[in-house]
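The values are calculated or read from the model by the stated rules, or taken from the named source; none is laboratory data. No experiment lies behind these values; they were computed from the predicted model shown. In this analysis, Cβ positions are derived from the backbone assuming ideal geometry, glycine residues included, and neighbour counts consider all displayed protein chains. Remember, those area values only see protein heavy atoms, side chains included, never the ligands or the DNA or RNA. Shrake-Rupley method; radii C 1.70, N 1.55, O 1.52, S 1.80 Å.
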Amino acid sequence: MKGDRKYIFMFLLPSAVLMGLFLYYPFFKSFYLSFYRTKGFFDKKFVGWDNFERLFTDKLLGAATLHTLELMLYVLLFQVGIALVLAVLVEAISRLKTFYRTVFFFPVVISGTAISLLFVLFYNYNFGLLNNLLANFGIEKIFWLEEGNALRAVAIPTVWHYVGFYFILFLTAMSKIPSDYYEAARLEGISAFKRTTKLTIPLIMSDIKVVITLAITGTLKVFEFVWVITSGQNGSEVLGTYMYKKAMVDQNFGYGSAVAIYMVIFGVLLALLANRLLKRDEITY
């Protein structure tokens with residue numbers, strides 16, 4: 001093992017360098033800039049904790065946080081929920097599993113921007129697919145992106161995009177459960193619903209925790225769907241778009257960096273809370 005250490009180091013070095021350049025350096029640079037008031041790239045003044053104090057009085061940030069939490073609720077209920085249901089259904093069949101894996105996973109490989117542009121066409125008031133369908137049935141057209149509807153309109157493509165990813169994670173977890181367990185349950189006369197709720201779900205609980213953590217952190221990173229479909233207007237501003245506007249549109253890199261740090265802390269706290277709420281004895285097999 002001692003002789004192999006240099007080879008291990010050689011293989012780990014490229015990924016460590018990339019992580020340092022594109023993950024850790026930007027994070028610490030953002031933390032550094034959060035203590036400055038900036039206007040553009042060169043106009044910079046040290047202000048200490050002023051940017052962080054401003055976070056507590058920023059009403060727009062508060063609204064963006066609430067919108068992010070609402071979007072997170074949709075993701076947890078529908079994205080994770082639908083993925084779990086699909087995985088249970090596909091695991092229960094013996095044929096065409098590869099076909100269903102491919103079909104359900106396909107949206108994941110499509111660019112989020114491309115999906116957003118597709119849904120912009122769906123939601124268009126004059127010639128969009130949804131309003132044309134309503135018109136064919138004699139129903140009045142709807143402003144799908146007006147305030148009150150905009151965030152839900154953004155949530156639909158957001159949910160659809162990553163259902164397949166979590167579906168694959170759940171399906172992989174279920175495939176590791178020994179078939180003897182299900183055979184014994186069938187011999188005992190246990191129904192399919194009870195096998196799912198009392199056997200399958202408890203045995204993949206650790207994987208469910210991982211998926212929920214990924215869903216929470218993934219929601220905090222949502223940007224392109226909101227930016228392309230609504231540009232953060234009409235009550236659809238989320239933390240990702242608000243941070244972008246402050247840093248890139250307003251050229252206030254200091255406050256934008258403070259918002260980014262707030263997003264990281266907020267995401268960590270939510271992930272810890274979710275894991276604590278789901279805390280229970282792990283069932284091994």
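Restricted to region 40-77, and to residues there that are without any contact (Cβ under 8 Å) to a residue 60 or more places away in the chain and assigned to a helix (DSSP H, G or I), the residue that is surrounded by the most Cβ atoms within 10 Å (Cβ to Cβ) is Asp50. Of the residues making up region 158-188, just one is in contact with a helix residue (DSSP H, G or I) (Cβ under 8 Å, 6 or more places away or on another chain), aliphatic (A, V, I, L, M) and more than 24 Å from Ile82 (Cα to Cα), namely Ala185.
Suppose we filter Ser236, Ser231 for residues that are open to solvent by 30 Å² or more (accessible area, probe 1.4 Å) and of a type in the set (Gly, Ala, Ser); which single one remains? Matching residue, one of Ser236, Ser231: Ser231. Within the set Leu187, Leu133, the sole residue that is free of Cβ contacts under 8 Å to residues at least 24 places away in the same chain and within 28 Å of Trp227 (Cα to Cα) turns out to be Leu133. Kindly evaluate Arg95 against the criterion of being outside any helix (DSSP H, G or I), exposed (fewer than 13 other Cβ atoms within 10 Å of the Cβ) and charged (D, E, K, R). Answer is yes for this residue. Exactly one residue out of Leu96, Leu55 is among the hydrophobic types (A, V, I, L, M, F, W, C) and at positive phi: that is Leu96. Given (1) out of contact with any Lys or Arg (no Cβ under 8 Å at 6 or more places or on another chain); (2) open to solvent by 70 Å² or more (accessible area, probe 1.4 Å), identify the lone condition not met by Gly112. Among (1) out of contact with any Lys or Arg (no Cβ under 8 Å at 6 or more places or on another chain); (2) open to solvent by 70 Å² or more (accessible area, probe 1.4 Å), the lone unmet condition for Gly112 is (2). Got at least one residue in region 262-278 being under 28 Å from Val120 (Cα atoms), open to solvent by 10 Å² or more (accessible area, probe 1.4 Å) and of a type in the set (Gly, Ala, Ser)? No - not one qualifying residue is present in region 262-278. For region 126-146, enumerate the residues that are over 18 Å from Ser236 (Cα atoms) and assigned to a loop (DSSP other than H, G, I, E, B). Residues satisfying the conditions are Asn126, Phe127, Gly128, Phe137, Gly138, Ile139, Glu140, Lys141.
Looking only at residues in region 57-110 that are more than 22 Å from the chain's Cα centre (by Cα) and aromatic (Phe, Trp, Tyr), the one that is nearest to Thr158 (Cα to Cα) is Tyr100. Residues that are at pLDDT 90 or above and open to solvent by 90 Å² or more (accessible area, probe 1.4 Å) were ranked within region 1-21; the one that is nearest to Gln251 (Cα to Cα) is Leu21. Among residues of region 33-51 being aromatic (Phe, Trp, Tyr) and modelled with pLDDT of 90 or more, the one that is nearest to Lys246 (Cα to Cα) is Phe35. Look at Asp180 and say whether it is touching a strand residue (DSSP E or B) at 6+ places or on another chain (Cβ under 9 Å) and not small (Gly, Ala, Ser). No, not satisfied. Among the residues making up region 192-226, those that are part of a helix (DSSP H, G or I), within 17 Å of the chain's Cα centre (by Cα) and without any contact (Cβ under 8 Å) to a residue 60 or more places away in the chain are Asp207, Val210, Leu214, Thr217.
Does Leu117 satisfy the criteria of being closer than 22 Å to Gly235 by Cβ, under 20 Å from the mean Cα position of the chain (by Cα), touching a residue at least 24 places away in the same chain (Cβ under 8 Å) and open to solvent by 70 Å² or more (accessible area, probe 1.4 Å)? Let's see the steps before the verdict.
Details: closer than 22 Å to Gly235 by Cβ: yes; under 20 Å from the mean Cα position of the chain (by Cα): yes; touching a residue at least 24 places away in the same chain (Cβ under 8 Å): yes; open to solvent by 70 Å² or more (accessible area, probe 1.4 Å): yes.
When the stated conditions are applied, Leu117 passes them.
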